[in-house]
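Some notes on the structure that comes next.
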Amino acid sequence: MVRIGMIGLGKMGLSHHAIVNAHPEVVVVAACDTTAYLTDVLTKYTGLKCYSDLDQMLASEQLDAVVVSTPSKLHAGMVEKALQRGLHVFCEKPFVLDVADGERLIDLAATRNLVTQVGYHYRFVGAFQEAARVVASGALGKVHHVRAEAYGPVVLRPKGSTWRTAKNEGGGALYDYACHAIDLVNFVVGMPSSVSGVALNRLFSHDVEDEVYCSMNFGPGVSGQLAVNWSDESYRKMSTKISVWGTNGRLSADRQECQIFLREPHAALPQAPQGWSVRYTTDLTEEVWFYLRGEEYSAQIDYFVQSIRLHRTNGTNSFRSALEADRVVEMILHDDGRGQRSGSAPVAPAAEPVRKLWERLFS
């Protein structure tokens, strides 16, 4: 049995705890969270041993691994403490807020020969896995454009302060939403070499962006776009999509399906004829032992557990691959258009020139 300690019992922490606790090859030894009323209830009704201090839990319990589900700014320090004690680590996304911290933690994990994984669960969705397989097969021909999108109704009015609304804690649509779309780009077509034309817009938030838009550059003849809005009430829940265009066709994948269009059939995809074909997530997804929020959440935890058993230190969603998403986030924040992440609430990019023209003509 793999002995796991839970670090953080917020929304994602409790979800992960339910999944981990149901895994047939895992025992949850203890958990750590500073919210006393929550840990008191868990201890009283489930018998879970809880700590308010991470150092105390790590020093007192015999663990093989930890699951870190705390606010983003706490990841680096907590992950480092676990690695220093020789523990395998599953960390929620984003991995870190400072690329230098990520590089140091990757080196530390490699030195200790430890399994690492970050919670980019979309890599475990069948339709997105199929998209990556199709692109890698060469069936689309030479890829020349990719578009990644994520929309949802998260922030629809001015709201009180939480860590998700504080830029110095890793909040905002960029870290909370866009990093999923960015990781999908890295997974399906590879990491962009640079970004440009960044727009980080606020609609309701005071300290962070609600919209993220930019162009992605992959080299000669290959372009990309990123479009993210977590204040879009036309969506009932988060919707993430990736589209790829190549010389022999295109594909479009979301949580439900992977649509493929081929100009000419390709030997690597014998099941895909000329024209359109569709592969559904329900046909591409293996059954899991426990369902909560989606099969992909259980699948990623099982992958982590099996990586520990097999000592697979170079698996998918490792610290190394997750740091690529953080590098793209860093590019976005350092682009010349990043000024809207601080200061007063912005005007939509096209609105200011239109306003000046109106003033010249009619004032």
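Here are some notes:
- Figure legend. Inter-residue proximity from the range 84-108: first residues in the same structural domain as residue 69 (by TED's automatic domain parsing) and more than 17 Å from residue 182 (Cβ to Cβ), second residues surrounded by 24 or more Cβ atoms within 10 Å (Cβ to Cβ) and of a type in the set (S, T, N, Q), beta-carbon distance below 6 Å, spacing 6+ or different chains. Indicated pairs: 89/116; 90/117.
- So residue 181, is it of a type in the set (Gly, Ala, Ser), crowded, with 19+ Cβ neighbours inside 10 Å, within 18 Å of residue 93 (Cα to Cα) and touching a strand residue (DSSP E or B) at 6+ places or on another chain (Cβ under 9 Å): yes
- Among the residues of the range 115-125, at least one is of a type in the set (Ser, Thr, Tyr), in contact with an Asp or Glu (Cβ under 8 Å, 6 or more places away or on another chain), under 19 Å from residue 251 (Cβ atoms) and assigned to a helix (DSSP H, G or I).
- As for the range 303-320, it holds at least one residue that is closer than 20 Å to residue 189 by Cα, at pLDDT 95 or above, outside any loop (DSSP other than H, G, I, E, B) and touching a Leu at 6+ places or on another chain (Cβ under 8 Å).
- Selection count where residues are more than 16 Å from the chain's Cα centre (by Cα) and more than 20 Å from residue 25 (Cβ to Cβ), scope the range 59-75: 3
- Within the option set 197, 294, being in contact with a Gly (Cβ under 8 Å, 6 or more places away or on another chain) and at positive phi holds for one residue only, 197.
- Applying the condition of being hydrophobic (A, V, I, L, M, F, W, C) and more than 22 Å from residue 309 (Cβ to Cβ) to the range 59-94 and asking which residue is surrounded by the fewest Cβ atoms within 10 Å (Cβ to Cβ) yields 59.
- From 190, 170, 152, 197, residue being in contact (Cβ under 8 Å) with a residue 40 or more places away in the chain and either out of contact with any Ser or Thr (no Cβ under 9 Å at 6 or more places or on another chain) or more than 18 Å from residue 227 (Cα to Cα) (or both): 170
The values are calculated or read from the model by the stated rules, or taken from the named source; none is laboratory data. Source: prediction; values computed, not measured. Note: ideal-geometry Cβ built from the backbone for every residue, glycine included; neighbour counts use all protein chains shown.
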